[in-house]
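Peer 1: Handing you this structure, nothing more for now.
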Amino acid sequence: MIVLEKRPQPSRTWSMATPLVAVLATMICGGLLFAVLGKNPVEAIGTIFWEPLFGEYAFYYRPQLLVKGAPLVLIAIGLSLGFRAGIWNIGAEGQYIMGAIVGAGVGLAFYPMEAFYIFPLMVLAGAFGGWVWAMIPAFLKVRFGTNEILVSLMLVYVAEQFLASMSLGLLKNPEGFGFPGSRNLQSYASAHNAELIEGSGMHWGVVAAFVAVIFAYVLLNRHMTGFHIRLTGEAPRAARFAGVKPARLILFCLGMSGALAGLAGLFEVSGPSGQISIDFNVGYGFTAIIVAFLGRLHPVGILLAGGLMALTYIGGEIAQGSLGLPAAAIQVFQGMLLFFLLALDLLTNYRIRAARKEVA
Amino acid sequence: MSTPLLSIKGLTKAYPGVVANDNVSFDIGEGEVHALLGENGAGKSTLVKMIYGLVKPDSGSMTLRGAPYAPPEPRAARADGIAMVFQHFSLFDALNVAENIALGMENPPAMGDLAARIRAVSETYGLPLDPFRTVGDLSAGERQRVEIIRCLLQDPKLLIMDEPTSVLTPQEVEILFQTLQKLRSEGTSILYISHKLEEIRTLCDHATILRLGKNVGECTPRETSARDMAEMMVGTALKTPERSGREFGEIALDISGLSVPSPSEFGTSLKNVHMTVRKGEVLGIGGVAGNGQDELLAVLSGEILTAADAVKKDGQPVGRLGPVARRRLGLLTAPEERLGHAAAPNMSLTENALLTGSVREGLESNGFLKWAETQAFAERIIKEFDVRTPGPENAARSLSGGNLQKFVIGREVLQNPDVLVVNQPTWGVDASAAAAIRQALLDLAAKGTAVVCISQDLDELMEISDTFAALNEGRLSAPRTTVGLTVDEIGLMMGGAHGMEVAHV
């Protein structure tokens, strides 16, 4: 019989190795899935992982990696702070939408004036929009003990309705011939989050993502607040004994993740996407949850995981186009990644050994 | 001599890294009260788990009345007439007594019949218990009665009792012993596990002493002195803590009119608690577990806030201050639960040193952590308190209970507190480590610290405390000078017998 035995302390080796093993297991099982769908598995996997980086059109796809990866990393960094403390913000998608709406709203309010301070103001407004949206579950949790998972998740759907209303109403482009959607910020220079280097994919959101990684790393490893976050996640009672105020921590973690998600939304709407529209959000807020766990809630891990996830996004799109793989198959593929990661996570704290049967 | 009831030959059980039982043999006669004596970690629990079918031995054999006996599971052990009262009760707080007992039975009879049988057994053995009371409302002693009656309903030949008196007042212990003696007179054998020597000398006919998994000796407790048994148990001569005569200073900690509802449903609310502790004084607070000890510690640590002047340190009201502010003022605490409360299990010892040491040891500046200093502090605790670990980078959970306890107490002691409050400082700690911890508390008091020691170990409190008070259902008795206090008086302070009565022998 096989038994699981608790390790005396978490294994460092396995903690590092599980993401890699999870990626491998996903490749194998994903390959099987593609084979069942009648595709050549080697070709499909190759398309997803190889094509965007080194394929014929890599010059186009590589910048896309940054464009797709940045919002994922930015949101996941924020989420990881809360997740470390056992505070589960599942509604980053909603905070992302609200950040985009508020940020774009501020920018559009200045239209057509050109000034250097418009974009910084939009950045602040974007962070504020996400922050406010995250403060709703935070406040309800602190004041009434509601479950932040449910509240933040349900607020995603509220935000989506809000987005639809905005693109059809208040923020609708007056010169848009009645089509839904706001003015395109790409053609409004003061509000445009343009590429910093032409053709590189590098925009302010990518810079913000890197800054967030460094910020989170310093916070978690060198600062008392980060220590309190980790302590609360590890042992809530010990945290209270150490003097952590749970309410303050909830407000901080949810606020931080909301603000970062809002920033991601703002950088997206003012850059790659360009306008507020009904289908503006594409699920970054949910995918970032996978990214956060795939990166083991560690800032550097999240950076790598964001890159990997962006790769499967882009590779998946290529596979859809060139091999005719259904979009759902790609989503299953991404889901497998999280599944294997969580399953293999067990090995960090437990070892498997063969043992004789014993009632213990 | 006739065939023994249970005969154990060469039982061995190894776990990864430790041999829990190494070739242990002894016999339990019919109608005999047999003591199994040993320190924490000596292998007593593993041994009785093998007898009760919870653990399978690696080698060795047992015979029950001459027939081979190897229970694959507790159900088989119970079918053969072996019953066990565990140290930690497995009862559901929200169910009543009869329901709890029915849950443990193979074919529970109708509730009415069962209640009648519970009443009959409890009458016979002097263990009064209302079958329809909710277990959550019962005292620890009453819960133990539920467990005992659950066993007696099976009409056992051998009753195993694991540390039964750790949750009882002296009076309750007295009554329990009368019940056990009645059982013995009816021919039931009892395997009695304990590390309390005096009670073994009172109760038991024969004792087997375990040390590090080995049977290191047998004796007849009535003819052996407690000290000799202790030294067999520990393997070395014991050192008793020294207390030097000292003067008490001004009042350092003053609690007056403190009433706090418990944060948890089945916790105990503190009711009108008064106490003062002077500089250099050790106040021992006894009482059966669950009578408000955890709540009292939380009130002092700042985890539960009270009216500002209900708790005063050096005359300054601190009732509204959180744990960090209290540490800054020199009021330090060490809770009972090591893993998860006093320390974070998965974090390193360095990080755990930071947990309470950040303020007084200056381990942060402007919120930024000084890891080098923190590690040095952790290393100092490890060195001065002889914590056995390869280094401060190891996780707290990798330490044995006793070593982690030394770390947790050392962490507070080394911060030079003005007032130190500890709850169960030597719980689950081996005798030599316990002596070291008690000595550290006394040394601290000698330097002028006011020490409050909450404990269920009366011997410990008698050994180190100058003044003694007891918690009973959230009320604190008036403090008394320890010198000259009798066991009877202590028992009454702890709440007497909690409504128990003597067996109708």
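The values are calculated or read from the model by the stated rules, or taken from the named source; none is laboratory data. Remember, it's a predicted structure, so these values are computed and weren't measured experimentally. Counting neighbours? That spans all protein chains shown, and the Cβs are built from the backbone with ideal geometry, glycine included.
Peer 1: Say we look at region A:51-69 and pick out the residues that are closer than 26 Å to A:HIS298 by Cα and hydrophobic (A, V, I, L, M, F, W, C); which of these is farthest from the chain's Cα centre (by Cα)?
Peer 2: Result: A:LEU53.
Peer 1: Which one of these is surrounded by fewer than 21 Cβ atoms within 10 Å (Cβ to Cβ) and under 21 Å from the mean Cα position of the chain (by Cα): A:LEU140, A:LEU155, A:LEU150?
Peer 2: It is A:LEU150.
Peer 1: Now for a separate question. State yes or no: is B:ARG397 away from chain A (no Cβ under 11 Å) and out of contact with any His (no Cβ under 7 Å at 6 or more places or on another chain)?
Peer 2: No; evaluated as a whole, the condition is false for this residue.
Peer 1: Search region B:47-79 for residues being within 19 Å of B:PRO164 (Cβ to Cβ) and free of Cβ contacts under 8 Å to residues at least 60 places away in the same chain, and hand back the single one that is surrounded by the fewest Cβ atoms within 10 Å (Cβ to Cβ).
Peer 2: B:PRO74
Peer 1: Take A:ALA138 and decide whether it is closer than 25 Å to A:VAL213 by Cβ and in contact with a helix residue (DSSP H, G or I) (Cβ under 6 Å, 6 or more places away or on another chain).
Peer 2: Yes.
Peer 1: With free of Cβ contacts under 8 Å to residues at least 12 places away in the same chain and within 23 Å of the chain's Cα centre (by Cα) as the only criterion, which of A:LEU20, A:LEU72, A:LEU81 stands out?
Peer 2: Only one candidate qualifies: A:LEU20.
Peer 1: Name the residues in region B:423-439 that are surrounded by fewer than 22 Cβ atoms within 10 Å (Cβ to Cβ), on the phi < 0 side of the Ramachandran plot and in a loop (DSSP other than H, G, I, E, B), would you?
Peer 2: If the condition is that a residue be surrounded by fewer than 22 Cβ atoms within 10 Å (Cβ to Cβ), on the phi < 0 side of the Ramachandran plot and in a loop (DSSP other than H, G, I, E, B), then B:TRP427, B:ASP430 are the ones that fit.
Peer 1: Quick one: is B:PRO417 in contact with a strand residue (DSSP E or B) (Cβ under 7 Å, 6 or more places away or on another chain) and within 24 Å of B:GLN171 (Cα to Cα)?
Peer 2: No: the conditions fail for B:PRO417.
Peer 1: Can I ask one more? Are there any pairs, at least 6 apart or on different chains, whose C-beta atoms fall under 7 Å, with the first in region B:197-225 and over 19 Å from B:VAL48 (Cα atoms) and the second assigned to a loop (DSSP other than H, G, I, E, B) and of a type in the set (Val, Ile, Thr), and if so, which?
Peer 2: none
Peer 1: Please determine whether any residue of region B:292-306 is part of a strand (DSSP E or B) and over 30 Å from B:THR46 (Cβ atoms).
Peer 2: no
Peer 1: Quick one: is A:SER200 at negative phi and crowded, with 18+ Cβ neighbours inside 10 Å?
Peer 2: no
Peer 1: If you take the residues in region B:334-351 that are part of a loop (DSSP other than H, G, I, E, B), surrounded by 24 or more Cβ atoms within 10 Å (Cβ to Cβ) and of a type in the set (A, V, I, L, M, F, W, C), which one is farthest from the other protein chains (Cβ to nearest Cβ)?
Peer 2: Among them, the one singled out is B:ALA342.
Peer 1: Something else now. Could you give every pair whose Cβ atoms fall below 7 Å, whose first residue belongs to region B:177-195 and is not assigned by TED's automatic domain parsing to the domain that holds B:GLU460, and whose second residue is among the basic types (Lys, Arg), counting only separations of at least 6 or pairs across chains?
Peer 2: From residues that are not assigned by TED's automatic domain parsing to the domain that holds B:GLU460, the pairs are B:THR188/B:LYS157; B:SER189/B:LYS157; B:ILE190/B:ARG184; B:ILE193/B:LYS44.
Peer 1: Something else about it: What number goes with the only condition from (1) more than 14 Å from every other protein chain (Cβ to nearest Cβ); (2) buried (at least 24 other Cβ atoms within 10 Å of the Cβ); (3) part of a helix (DSSP H, G or I) that A:GLN320 does not pass?
Peer 2: Exception for A:GLN320: condition (2).
Peer 1: Something else about it: Give the residues of region A:133-151 that are among the small types (Gly, Ala, Ser) and in a helix (DSSP H, G or I), sorted by residue number.
Peer 2: The answer is A:ALA134, A:ALA138.
Peer 1: Checking A:LEU32 against (1) surrounded by fewer than 16 Cβ atoms within 10 Å (Cβ to Cβ); (2) modelled with pLDDT of 95 or more: exactly one of these is not met. Which one?
Peer 2: (2)
Peer 1: Do the conditions hold for B:THR276, that is, is it more than 30 Å from A:GLN9 (Cβ to Cβ) and in the same structural domain as B:GLU265 (by TED's automatic domain parsing)?
Peer 2: So B:THR276 passes the test.
Peer 1: Next question. Looking at region B:315-333, can you tell me whether even one residue there is under 24 Å from the mean Cα position of the chain (by Cα) and either surrounded by 18 or more Cβ atoms within 10 Å (Cβ to Cβ) or more than 10 Å from chain A (Cβ to nearest Cβ) (or both)?
Peer 2: Within region B:315-333 (the criterion being under 24 Å from the mean Cα position of the chain (by Cα) and either surrounded by 18 or more Cβ atoms within 10 Å (Cβ to Cβ) or more than 10 Å from chain A (Cβ to nearest Cβ) (or both)), the answer is yes, since at least one residue qualifies.
Peer 1: Also, I was wondering about something else. Collect the residues in region B:393-415 that are at pLDDT below 95 and not in a helix (DSSP H, G or I), keeping them in residue-number order.
Peer 2: B:GLU393, B:ASN394, B:ALA395, B:LEU399, B:SER400
Peer 1: Please work out which one of (1) buried (at least 21 other Cβ atoms within 10 Å of the Cβ); (2) out of contact with any Asp or Glu (no Cβ under 6 Å at 6 or more places or on another chain); (3) modelled with pLDDT under 90; (4) among the small types (Gly, Ala, Ser) is the condition B:GLY112 fails and give its number.
Peer 2: Exception for B:GLY112: condition (1).
Peer 1: In the list A:LEU303, A:LEU346, A:LEU341, which residue meets the criterion of being surrounded by fewer than 15 Cβ atoms within 10 Å (Cβ to Cβ), in contact (Cβ under 8 Å) with a residue 24 or more places away in the chain, more than 14 Å from every other protein chain (Cβ to nearest Cβ) and within 29 Å of B:ASN346 (Cα to Cα)?
Peer 2: A:LEU346
Peer 1: Which of (1) more than 30 Å from B:ALA226 (Cβ to Cβ); (2) in a strand (DSSP E or B) is the odd one out, the single condition B:VAL146 does not satisfy?
Peer 2: (2)
Peer 1: Then there's this: Considering every residue within region B:295-305, establish whether at least one is at positive phi and within 14 Å of chain A (Cβ to nearest Cβ).
Peer 2: There is at least one residue in region B:295-305 that is at positive phi and within 14 Å of chain A (Cβ to nearest Cβ).
Peer 1: Which fully enclosed helices (runs of 4 or more DSSP H) of region A:187-272 have 3 or more residues being within 14 Å of chain B (Cβ to nearest Cβ), more than 19 Å from A:ALA127 (Cβ to Cβ) and in contact with a Ser or Thr (Cβ under 7 Å, 6 or more places away or on another chain)?
Peer 2: Result: A:236-242.
Peer 1: Mind listing whichever residues of region B:127-137 are farther than 17 Å from B:THR179 by Cβ and either of a type in the set (A, V, I, L, M) or part of a loop (DSSP other than H, G, I, E, B) (or both)?
Peer 2: The answer is B:ASP130, B:PRO131, B:PHE132, B:ARG133, B:VAL135.
Peer 1: Working only within region B:352-381, note down all residues that are within 11 Å of another protein chain (Cβ to nearest Cβ), touching a residue at least 12 places away in the same chain (Cβ under 8 Å) and either of a type in the set (D, E, K, R) or not in a loop (DSSP other than H, G, I, E, B) (or both).
Peer 2: B:ASN352, B:LEU354, B:LEU355, B:THR356, B:GLY357, B:LEU369, B:TRP371, B:THR374, listed by residue number.
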